[in-house]
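**Student:** Here it is: the structure, laid out below.
The values are calculated or read from the model by the stated rules, or taken from the named source; none is laboratory data. Because the structure is predicted, anything quoted here is derived from the model rather than measured. Cβ: placed from backbone, ideal geometry, glycine included. Neighbour counts: every protein chain shown. Surface areas here come from the heavy atoms of the whole protein model, side chains and all, with no ligands, DNA or RNA. Shrake-Rupley method; radii C 1.70, N 1.55, O 1.52, S 1.80 Å.
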Amino acid sequence: MTVLKVAIVGCGNISRSHIRSYAAAPASLVGVADIVPDKAEEHAHKYGGKPFASVTELLAATDPDLVSVTTPPGSHAEIAIEVLAAGKSVLLEKPPVLNLAEMDAVAAAEAASAGSVYVVFQHRHGSGGRRAASLLADGSLGKPQVAVCETLWFRPVSYFDPEWRGTWVGEGGGPTLGHGIHQIDLLLHLLGPWKSMTATALRLDRPVEFEDVSMASVIFESGAVATVINSLLSPHELSRIRIDTTGGSLEVNHLYGYSDTDWKFTPVPDAARAATLGLDPGVRRTDLVAADTDPWAASAGDDVPSNHAAQLGRLVDDLLAGRTHDTTLASTRPTMEFVTALYASALTGTTVQRADLTPGHPFYRALHGDVPQDAIDQAMASKR
């Protein structure tokens, strides 16, 4: 193949990012589907492909190599399973599913299909993220010890006007699942397997069934520790990851997507400079200079922003070349386990071990763990 045939299921806002990304790649849009026929008609008129009222009709009339699923999260698993049953590959927008049970059901369908499942976590695919993953993996930046992961965003009350938003059934969870998951996934991609978590989730202001703020303290298998915070109440929006290693501090500050200029590495000071730290409390130091050898600066190359085009372009190239795209469904399970553990810890008041998140776990089938809503309301009340 020289051109990949693609289709889109779900014609909402995020579908446009997929369409633009495919338009910049060797891909041909063969069909679009939406349960609101007018939306599919509008997309087909603007972007090409044939319009359909369902994924079933689309699969019967077209022969796509890859189907992007950009519907609300509650429908992802069902659509993915139908696409896989037709022998086609599928790309799921984040969050890929609502819970671990759905993730395992999709994985079972993938195992029985000629198609494969991929997930949109584009922050893995910007050049900064790829450099960071490589340099941390080979030890060039030192051994990770302490990390901070922040998704401080703002969504007004009107954001929750669509009936599916703000509900367990429609969204599956709050900013932990639907917003912070991007930064969480990148953090885990950089630091490796996590081991245990203690978390808090609160509803301070927004009209939702779940949290609008969450916080977690995490221990990784490597021994590194991290704090994670997710918020929809922060007017000065920011996405940040900082990783302090034995070799220095690596940090990225951005909003909705980074470029190389958003990353910074500060090497650990040499012994002479380190000995002077703290000698003048309250006095800001301006004489600290970078080390002569900076592995981060030395690794710089072409700047690829962490947007949909970065990942979808690579996905199309990988599929056309017969390579396995690395952001597979299986590779994102630790991220869904992390999200699951955060809700489980917050609602039970206990520390959760990743190893315990098996099919028998109370939160395996739903992020609310079948806890009654009035009990959830009480647990997430700021004045409980």
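**Student:** Quick one: what pairs do we get from segment 218-240, first residue in the same structural domain as residue 259 (by the TED database) and part of a loop (DSSP other than H, G, I, E, B), second modelled with pLDDT of 95 or more and among the polar types (S, T, N, Q), C-beta under 6 Å, 6+ apart or different chains?
**Tutor:** From segment 218-240, the pairs are 224/145.
**Student:** Please name all residue pairs, on different chains or six or more residues apart, with Cβ atoms under 9 Å, provided the first residue is in segment 350-364 and is basic (Lys, Arg) and the second residue is open to solvent by 80 Å² or more (accessible area, probe 1.4 Å).
**Tutor:** That search, which allows pairs on different chains as well, returns 354/195; 354/221.
**Student:** Just checking, how many residues over segment 355-377 are crowded, with 20+ Cβ neighbours inside 10 Å and small (Gly, Ala, Ser)?
**Tutor:** Result for segment 355-377: 1.
**Student:** Given (1) of a type outside the set (Gly, Ala, Ser); (2) at pLDDT below 95; (3) assigned by the TED database to the domain that holds residue 174, where does residue 265 come up short, assuming only one miss?
**Tutor:** (2)
**Student:** If you go through segment 255-283, how many residues are out of contact with any Ser or Thr (no Cβ under 8 Å at 6 or more places or on another chain), among the acidic types (Asp, Glu) and surrounded by 14 or more Cβ atoms within 10 Å (Cβ to Cβ)?
**Tutor:** Result for segment 255-283: 1.
**Student:** Pick from 210, 160, 154: which is surrounded by fewer than 23 Cβ atoms within 10 Å (Cβ to Cβ), touching a residue at least 12 places away in the same chain (Cβ under 8 Å) and in contact with a Gly (Cβ under 8 Å, 6 or more places away or on another chain)?
**Tutor:** Just one listed residue meets the conditions, 160.
**Student:** While we're on this one: Taking residue 237 as meeting all but one of (1) surrounded by fewer than 17 Cβ atoms within 10 Å (Cβ to Cβ); (2) out of contact with any Phe, Trp or Tyr (no Cβ under 7 Å at 6 or more places or on another chain); (3) farther than 18 Å from residue 337 by Cα, write down the number of the exception.
**Tutor:** Going through the list (1) surrounded by fewer than 17 Cβ atoms within 10 Å (Cβ to Cβ); (2) out of contact with any Phe, Trp or Tyr (no Cβ under 7 Å at 6 or more places or on another chain); (3) farther than 18 Å from residue 337 by Cα, residue 237 breaks only (2).
**Student:** Of these, 375, 341, 355, 366, which one is assigned to a loop (DSSP other than H, G, I, E, B), among the aliphatic types (A, V, I, L, M), more than 24 Å from residue 260 (Cβ to Cβ) and at pLDDT 95 or above? Quick ask: steps written out before the conclusion?
**Tutor:** On the way: 375 fails: assigned to a loop (DSSP other than H, G, I, E, B); 341 fails: assigned to a loop (DSSP other than H, G, I, E, B); 355 fails: assigned to a loop (DSSP other than H, G, I, E, B).
Of 375, 341, 355, 366, the one residue that is assigned to a loop (DSSP other than H, G, I, E, B), among the aliphatic types (A, V, I, L, M), more than 24 Å from residue 260 (Cβ to Cβ) and at pLDDT 95 or above is 366.
**Student:** What pairs come up if the first residue lies in segment 21-49 and is of a type outside the set (Asp, Glu), the second is open to solvent by 50 Å² or more (accessible area, probe 1.4 Å) and assigned to a loop (DSSP other than H, G, I, E, B), and their beta carbons are under 9 Å apart, counting only those six or more places apart or on different chains?
**Tutor:** 21/307; 26/1; 26/2; 26/3; 27/3; 28/3; 30/63
**Student:** Give the residue, chosen from 232, 191, 204, that is surrounded by 23 or more Cβ atoms within 10 Å (Cβ to Cβ) and either among the aliphatic types (A, V, I, L, M) or in contact with a strand residue (DSSP E or B) (Cβ under 7 Å, 6 or more places away or on another chain) (or both).
**Tutor:** Only one candidate passes the filter, namely 232.
**Student:** Quick check, is residue 196 in the same structural domain as residue 131 (by the TED database), open to solvent by less than 20 Å² (accessible area, probe 1.4 Å) and out of contact with any helix residue (DSSP H, G or I) (no Cβ under 6 Å at 6 or more places or on another chain)?
**Tutor:** When the stated conditions are applied, residue 196 passes them.
**Student:** In the list 98, 135, which residue meets the criterion of being in a loop (DSSP other than H, G, I, E, B) and touching a residue at least 60 places away in the same chain (Cβ under 8 Å)?
**Tutor:** 98
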